[in-house]
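Shown next, in structure tokens, is the structure this report addresses.
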Amino acid sequence: MRSSVRFIRRGRIVELSAAEARMTLLDWLRLRDAAVGTKEGCAEGDCGACTVILARMKQGRVVHEPVNACILLAGQADGAEVLTVEDLSPTGAVHHPVQDAMLRLHGSQCGFCTPGIVMSLAAMHQDAPRPVSRQAVCDQLAGNLCRCTGYRPIVEAALEACAAPQPEVPAARGVALTALRDEAAIFAGNDAAFFAAPRREAELFDLLARYPDALVVAGATDAGLWLTKALIAAPRVIWLARVEGLDRIERTRTALSIGATATVADAARELGSLAPDLAEVIRRFGSTQVRASATVGGNIANASPIGDLAPCLIALGATLELAAGNATRTLPLEDFFVAYKKQDRRPGEIVRRISVPLPDVAMQFRAFKITKRMDEDISAVLGAFAFQVDGRRIASARVAFGGMAGIPARARTTEQRLLGLDLDAPPTWPPLLDCLAAEFKPLSDHRASAEYRSLVARNLLHKALLEIAGAPLSSTRIVTHVEAAHAGE
């Protein structure tokens, strides 16, 4: 058992108390470390002004991941090296290649957002395979808001900096990170206030039984906002990321199994391989910073009605494994969601794994995320559709939506009416499409009205049917080169 959080900062090991571990990493950097180059903008993980890099050992190598320090707890940096904009050019005499390119190509004006932009691009410069494409740069910058310059000079600076060969990781960094690793559980504090990070499931279940009111976090991309926006008090925090095996990703002949604490970034390749549209949904999942921290299990366990993964995985027939002590149980993913923010999860029970059947060649999968802006936005509606086709008729259907009810949900009546649908007779489809509206009673909010959501859901089902009937993407989508590449067109 270890009584403090440890990470590397400016060449030395820093140990945090329980109170410091529960601070946001941004507050710790600015208030304790005087690293004021890292800025606070939105305080909710959207604008990227707070972006820093966490260097960690993963699968035997050092990876550099940009994260939103404004919603990440300082304790979540345990085992990492924390790099800020001050560390890219410690003396100021020699600029980092990204800083140099940003200066020469006029990528900064007021400079408030620039440190976060530079840190996102510095992570890309260090880790991205060459050549780096313009689209890759745009994806990397999706979580960084530029308030005054505009993105053209920033993108050009990134492309120029990343045209150079991928740099080697400093040998000392790998040595230091390896030396920092241990198998210890963390319990910093006392019964009244603590930051805990168990190493074994048994330790986790013991903590959950002893402290049922503790705030349980994995990536904190949602829970972090409870602290910065809702201003909740969280004297007891249990962090799941150190639990051994809970982040394991495995593929068998029949299913993809994803541990609950696997990050979206780490699971993206395997999940995206299931279907091109799922890969596109994940590309638009938050931002690079969010995907580096957010977990697959957390996106499910928070029971958000507008979470991106749940409707997609429901349509694919995913099941959920829950555990408490020595007891485990499995249920269809759609049955986990009971009501708004309410799940079928018993006291002391955790989401352990998500299992997704591998689609067979007869399955046609489509998923569409509708938002006000293309990148880093929360869904107004997300529709996911999985059809088994026999000849020119639908043999089975799973239709799931997010944003249409208080929970992610299947359209079961519509699924039944889809059976036997003739794909060569679109004029006969309107009655089927119209019945979808009766299945949901969506809410009106600042993202969309109930009427808009109902109309969009109908149109997405229509679009999915047209595509599996053979309509080209050019007639159903505003096709970007990304979508065209995914679809093989």
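The values are calculated or read from the model by the stated rules, or taken from the named source; none is laboratory data. This is a predicted model, so every value here is computed, not measured. Cβ atoms come from the backbone with ideal geometry, glycine included; neighbour counts cover every protein chain shown.
The single residue among Ser379, Ser355, Ser444, Ser396 that is hydroxyl-bearing (Ser, Thr, Tyr) and closer than 30 Å to Cys146 by Cα turns out to be Ser379.
Please go through segment 7-19 and give me each residue that is crowded, with 18+ Cβ neighbours inside 10 Å and in contact with a Gly (Cβ under 8 Å, 6 or more places away or on another chain), ordered by number. The answer is Phe7, Leu16, Ala18. Answer yes if at least one residue in segment 108-131 is of a type outside the set (Ser, Thr, Tyr), in contact with a helix residue (DSSP H, G or I) (Cβ under 8 Å, 6 or more places away or on another chain), at pLDDT below 95 and buried (at least 23 other Cβ atoms within 10 Å of the Cβ), and no otherwise. Checked segment 108-131: no residue is of a type outside the set (Ser, Thr, Tyr), in contact with a helix residue (DSSP H, G or I) (Cβ under 8 Å, 6 or more places away or on another chain), at pLDDT below 95 and buried (at least 23 other Cβ atoms within 10 Å of the Cβ).
Taking segment 258-306 as the range and being closer than 22 Å to Ala409 by Cα and of a type in the set (S, T, N, Q) as the test, the residues that pass are Thr295, Asn299, Asn302, Ser304. In this structure, Ala34 does satisfy being under 27 Å from Pro235 (Cα atoms), surrounded by fewer than 19 Cβ atoms within 10 Å (Cβ to Cβ) and outside the structural domain of Leu225 (by TED's automatic domain parsing).
Comparison of Ile354, Ile370 shows that the only residue that is at pLDDT 95 or above, under 18 Å from the mean Cα position of the chain (by Cα) and within 21 Å of Arg458 (Cβ to Cβ) is Ile370. Among the residues of segment 236-258, is any free of Cβ contacts under 8 Å to residues at least 60 places away in the same chain, in the same structural domain as Cys312 (by TED's automatic domain parsing), surrounded by 16 or more Cβ atoms within 10 Å (Cβ to Cβ) and among the polar types (S, T, N, Q)? No: zero hits. Among the criteria (1) within 25 Å of Thr254 (Cβ to Cβ); (2) without any contact (Cβ under 8 Å) to a residue 24 or more places away in the chain, the one Arg373 does not fulfil is (1).
Only one entry of Ala158, Ala188, Ala142 meets the criterion of being crowded, with 17+ Cβ neighbours inside 10 Å and in contact with a Phe, Trp or Tyr (Cβ under 8 Å, 6 or more places away or on another chain), and that entry is Ala188. Of the strands (runs of 3 or more DSSP E) contained entirely in segment 273-391, those carrying at least 2 residues that are in contact with a Gly (Cβ under 8 Å, 6 or more places away or on another chain) and surrounded by 17 or more Cβ atoms within 10 Å (Cβ to Cβ) fall at 350-357, 363-370, 381-390. Of everything in segment 183-239 that is under 23 Å from Arg346 (Cβ atoms) and aromatic (Phe, Trp, Tyr), the residue that is modelled with the lowest pLDDT is Trp226.
Any chance segment 21-32 includes a residue that's touching a residue at least 40 places away in the same chain (Cβ under 8 Å) and over 25 Å from the mean Cα position of the chain (by Cα)? No. Can you spot a residue in segment 87-105 that is of a type in the set (Asp, Glu), closer than 30 Å to Arg2 by Cα and either surrounded by fewer than 23 Cβ atoms within 10 Å (Cβ to Cβ) or touching a strand residue (DSSP E or B) at 6+ places or on another chain (Cβ under 9 Å) (or both)? Yes. Out of curiosity, is Asp445 assigned to a loop (DSSP other than H, G, I, E, B), charged (D, E, K, R) and touching a residue at least 12 places away in the same chain (Cβ under 8 Å)? No, not satisfied. Filter segment 286-332 down to the residues that are farther than 22 Å from Gly348 by Cα and out of contact with any strand residue (DSSP E or B) (no Cβ under 9 Å at 6 or more places or on another chain) and list them by number. The answer is Gly286, and nothing else.
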